[in-house]
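See structure below.
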Amino acid sequence: MKFLLLLFPLMAFGQGFTIQQIENAPIALPVDFFPAEDPYEGIVKPAIKKFAPAFGELIQIHELPQDYRKAQLTGEVDFTAINQLATKNKKAPKLKVIEKIKPAGEPEQFHIYLKKGTKVRDLKFNYTKTIYRDIQVKAVRVYPSAPVFKIMDKKDHPRYEAKAEDVIFINETIDLDIRPKKYEVITKNKKNKAYDKEEKLEHALSINSESWDSSYFAVLTKNITTQDASTLKLNYKLYHLWDFPVNLGVLLSYENGSWDTDWDWNSIYWGLGLKVPWHLTSWVTLEAQLTWQNSLFFSLAGKENAYKLSNNHIAISVEIDFKTGFGTYFLDALYKKIYWSTDEQNILVPANKRDSSAIGFGVGIKFKSIINL
């Protein structure tokens, strides 16, 4: 309805004009359409709408040369000109094989100490297991800064793998006992010298029960009994531990014994000892010991008589140590040969009866100390 209302006035207005008259009619513009002064001077002018460039302005038109057109007319088409328009194919650079640079250093063999609870990886079955006790093993490090150690089996083949950060102690050779090394530092001035020395000592306390051959006592007291004598002995041993596997020590003992219910004695001994240790595992050590002791006094007393005697003996013993969280404990077994003498001139003992033998067993505890010199 609105459209019809607008259409009728327009038709009425256009009845007096032709199309040419309408096209040639002048256009009336406002007087100030072209102002003398720019109304936007000093302020931001309105943005001028930019139209998109034509397609021909965006592309580069390649015109074929005149020779190609002539060849096209004669039927002899040469595509050289077209090929020149195409971009040249870029050749892919040839790849060079670059070998990975190996870290400097050759594989080194070590003996590493792994703490209880350390995790190692089985290289054969590719699974991780946990070590249930402290252990010292043989291992190889491929290069000095390698993050892992390869643990060798009995045939010197890599079997397990441990992280370098889990290794507690590393040494190049196995020692019978791991001891701190001694260092000497000498300054430029010869008068000033500094020594960093540590002396490690081992203390052992034990109690031994021994059974003695009583043939010497029988001849001495003219007793016909053949019963063995029994003793209870308290020992203190002090050994100096050093780099050499044979350790030297001193011994001090107190002994109380009895024989044939009527005789008993008390004695004190001092002596020297040598021992050689073998570390079977990280917590078990086997030691062989050779000791010599001499009595400071020996008093054999009975109900009616008393004798002042002296003896010295050589003993061979085997000792096994067990290292635990509460200390080092040991068991030992010994055999010794005893040589007797008396200070009393009126007592004569046959030469073949002047020595006797004994066997014994003991138990004890050990601890170590360090002296800084």
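Each value in this text was obtained by applying a stated rule to the coordinates, not by laboratory testing. Fair warning: this is a prediction, and the values are worked out from it, not measured in the lab. Note that we place each Cβ from the backbone using ideal geometry, even for glycine, and neighbour counts take in every protein chain shown.
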Quick calc, the stretch 199-372, dipole around Cα centre from Cβ unit charges on Lys, Arg (+) and Asp, Glu (-), nearest 20 debye, gives 240
Neighbours of Arg121 by Cβ distance under 13 Å: Lys/Arg at +1, Asp/Glu at -1, summed charge +3
Cα-only Rg/Rh for the stretch 199-372 with Kirkwood Rh rounds to 1.04
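Which net charge results for the neighbourhood of Asp332, defined as the other residues with beta-carbon distances under 10 angstrom from its beta-carbon, given Lys and Arg at +1 and Asp and Glu at -1?
Here the charged neighbours net out to -3.
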Evaluated at 10 °C and 1.306 mPa s, the Stokes-Einstein D of the stretch 108-171 based on the Kirkwood radius over Cα pairs, in µm²/s, stands at 137
